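Have a look at the structure below, then the notes.
The values are calculated or read from the model by the stated rules, or taken from the named source; none is laboratory data. These numbers were taken from a predicted model, which means no experiment stands behind them. A quick note on method: Cβ atoms are made from the backbone with ideal geometry, for glycine too, and the neighbour counts reach across all protein chains shown.
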There are 2 protein chains.
Amino acid sequence: MPSTAASTTAPTKRGRPGYDQQSVLLIAVDVFNRHGYDATSMGILAENLGISKSAIYHHVPSKGDLLKLALDHALGGLEAILEEPGATSGAADARLEFVLRQTIAVLVDRLPFVTLLLRLRGNTDIERNALERRRAFDHKVAGLISAARDEGSLRQDIDPRTVTRLLFGTINSIVEWYKPGGSLSPEKLADDVITMAFDGLHAKP
Amino acid sequence: MPSTAASTTAPTKRGRPGYDQQSVLLIAVDVFNRHGYDATSMGILAENLGISKSAIYHHVPSKGDLLKLALDHALGGLEAILEEPGATSGAADARLEFVLRQTIAVLVDRLPFVTLLLRLRGNTDIERNALERRRAFDHKVAGLISAARDEGSLRQDIDPRTVTRLLFGTINSIVEWYKPGGSLSPEKLADDVITMAFDGLHAKP
């Protein structure tokens with residue numbers, strides 16, 4: 001397997017006029033999301049880029065390197081949330097709300113990249129490594145949920161593991177339907193998710 | 001394309017001792033879910049069944065027929081919910097809760113089949129037809145959500161389209177983590193989803 005660490009730190013290298021590695025990556029991620037990573041060949045990628053198969057190799061050594069770059073972009077955004085002051089100090093309930101809002105913001109801002117991350121099957125080492133990092137992120141959020149419950153902010157009649165699963169389920173599903181630039185802003189979307197999850201949909205009497 | 005209607009109504013035909021069409025289907029759905037439908041060949045299926053590639057054709061004419069049978073099982077379960085009295089009479093709020101609970105019950109009872117349905121990419125006619133039926137189901141549930149809002153049961157500050165997306169996101173994500181036979185029963189799971197979605201996670205003061 002080629003070294004993927006090198007390609008994430010190497011400066012952007014131009015192959016053909018009109019494409020740099022970043023624009024190749026964006027198109028590749030879109031193709032992966034439409035056809036599935038496994039079903040996408042370098043030939044299909046070349047076709048979508050409108051360049052020859054050999055020209056792709058000017059930009060990136062392999063399909064796996066494109067995947068690695070894309071997943072690093074998704075995971076890097078998520079992992080950075082947990083380092084912010086809003087995630088590290090204050091009441092657990094407020095830290096949890098901060099992390100969920102920021103997760104939605106990253107998800108919307110890096111939508112195709114997070115979509116790719118969430119659809120991984122784990123057939124290759126690159127995928128398994130990314131799933132491991134995703135699990136570590138989820139585990140830290142689960143810790144915040146337990147802490148918010150322990151401090152009495154969250155209801156006691158639902159197992160915190162179920163709460164974690166349902167909250168991630170709600171948030172992660174956003175990649176399946178959200179259209180950036182439409183009438184629903186990322187901020188209103190985050191408000192709606194927080195409102196439904198914490199206060200519920202029932203009209204208050 | 002072979003006729004898929006015939007295979008859904010034909011009586012179960014035994015090919016080799018130890019396998020009938022239903023057990024071939026169960027294993028095939030499991031393989032589709034693990035590797036992705038596109039990435040699964042009849043050869044991979046044969047390997048998982050421990051039979052020869054030609055022996056598979058005793059049970060089913062093509063990979064597409066297995067997909068069609070599996071998706072019919074998932075969609076048939078969901079569509080039947082909307083015909084039940086709990087879905088057709090009473091206040092919209094109660095009908096909505098009934099439909100969501102039953103959706104969770106079908107999802108858990110037919111877990112691998114619904115998982116397959118929810119992961120479809122829509123690359124073939126069989127997939128596109130199933131996605132069309134799924135959209136029709138979702139559309140009817142969206143109608144119930146709007147009706148519950150109009151009758152004043154649901155809060156007015158979230159667009160009913162967003163409510164629909166978030167509720168389905170929460171429920172559909174269950175296929176990604178729920179383990180039947182564990183400590184969380186399907187009934188408690190449904191209670192938890194309804195509680196979070198309608199009453200919220202915050203402890204009541």
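Name the residue that is farthest from residue A:194 (Cα to Cα), counting only residues in region A:86-129 that are hydroxyl-bearing (Ser, Thr, Tyr) and surrounded by fewer than 19 Cβ atoms within 10 Å (Cβ to Cβ).
Out of the qualifying residues, it is A:124.
Among what's in region B:8-41 and is at pLDDT below 90 and part of a helix (DSSP H, G or I), pick the residue that is farthest from residue A:33 (Cα to Cα).
Ranking the candidates gives B:9 first.
Tell me which residues, restricted to region A:24-52, are of a type in the set (Ser, Thr, Tyr) and closer than 13 Å to residue A:62 by Cβ. Even if it seems obvious, please write down each step before you answer.
Residues of region A:24-52 of a type in the set (Ser, Thr, Tyr): A:37, A:40-41, A:52.
Of everything in region A:24-52, those that are of a type in the set (Ser, Thr, Tyr) and closer than 13 Å to residue A:62 by Cβ turn out to be A:37, A:40, A:41.
If residue A:145 passes every condition in (1) within 11 Å of chain B (Cβ to nearest Cβ); (2) under 29 Å from residue A:36 (Cα atoms) but one, which one does it miss?
(2)
Out of (1) farther than 20 Å from residue B:172 by Cα; (2) within 12 Å of chain B (Cβ to nearest Cβ); (3) not hydrophobic (A, V, I, L, M, F, W, C), what's the single condition that is false for residue A:95?
Condition not satisfied by residue A:95: (2).
Just give me the residues in region A:86-118 being within 10 Å of the chain's Cα centre (by Cα) and part of a loop (DSSP other than H, G, I, E, B), in sequence order.
Residue satisfying the conditions is A:110 alone.
Give region B:119-132 a look and list any residue that's within 11 Å of the chain's Cα centre (by Cα) and more than 14 Å from chain A (Cβ to nearest Cβ), or say none.
Within region B:119-132, just B:130 meets the criteria.
Can you name the condition, by its number, that residue B:154 falls short on among (1) in contact (Cβ under 8 Å) with a residue 24 or more places away in the chain; (2) under 15 Å from residue B:102 (Cβ atoms)?
(2)
I want to confirm something. Restricting to region B:148-205 and keeping residues that are of a type in the set (Lys, Arg) and surrounded by fewer than 19 Cβ atoms within 10 Å (Cβ to Cβ), which single residue is farthest from the other protein chains (Cβ to nearest Cβ)? I'd like the intermediate steps shown before the answer.
Taking region B:148-205 first, the residues of a type in the set (Lys, Arg) are B:149, B:155, B:161, B:165, B:179, B:188, B:204.
Still in the running and surrounded by fewer than 19 Cβ atoms within 10 Å (Cβ to Cβ): B:155, B:161, B:179, B:188, B:204.
Details: B:155: 5, B:161: 8, B:179: 11, B:188: 8, B:204: 7 Å.
Ranking the candidates gives B:179 first.
Restricting to region B:98-120, name every residue that is closer than 23 Å to residue B:35 by Cα and in contact with a Gly (Cβ under 9 Å, 6 or more places away or on another chain). Can you show your working first?
Of region B:98-120, the ones closer than 23 Å to residue B:35 by Cα are B:107-120.
B:107, B:109, B:110, B:113, B:114, B:119, listed by residue number.
Checking the conditions here, which among B:47, B:132, B:83 is of a type in the set (Asp, Glu), in a loop (DSSP other than H, G, I, E, B) and either touching a Cys at 6+ places or on another chain (Cβ under 9 Å) or loosely packed, with under 15 Cβ neighbours inside 10 Å (or both)? Give the derivation first.
On the way: B:47 fails: in a loop (DSSP other than H, G, I, E, B); B:132 fails: in a loop (DSSP other than H, G, I, E, B).
Among B:47, B:132, B:83, only B:83 is of a type in the set (Asp, Glu), in a loop (DSSP other than H, G, I, E, B) and either touching a Cys at 6+ places or on another chain (Cβ under 9 Å) or loosely packed, with under 15 Cβ neighbours inside 10 Å (or both).
If I filter region B:108-123 for residues that are among the small types (Gly, Ala, Ser) and touching a Lys or Arg at 6+ places or on another chain (Cβ under 8 Å), do I get at least one hit?
Checked against the condition, which is being among the small types (Gly, Ala, Ser) and touching a Lys or Arg at 6+ places or on another chain (Cβ under 8 Å), region B:108-123 yields at least one hit.
Please go through region B:25-62 and give me each residue that is under 20 Å from residue B:114 (Cβ atoms) and in contact (Cβ under 8 Å) with a residue 24 or more places away in the chain, ordered by number.
If the condition is that a residue be under 20 Å from residue B:114 (Cβ atoms) and in contact (Cβ under 8 Å) with a residue 24 or more places away in the chain, then B:25, B:26, B:28, B:29, B:30, B:32, B:33, B:36, B:37, B:38 are the ones that fit.
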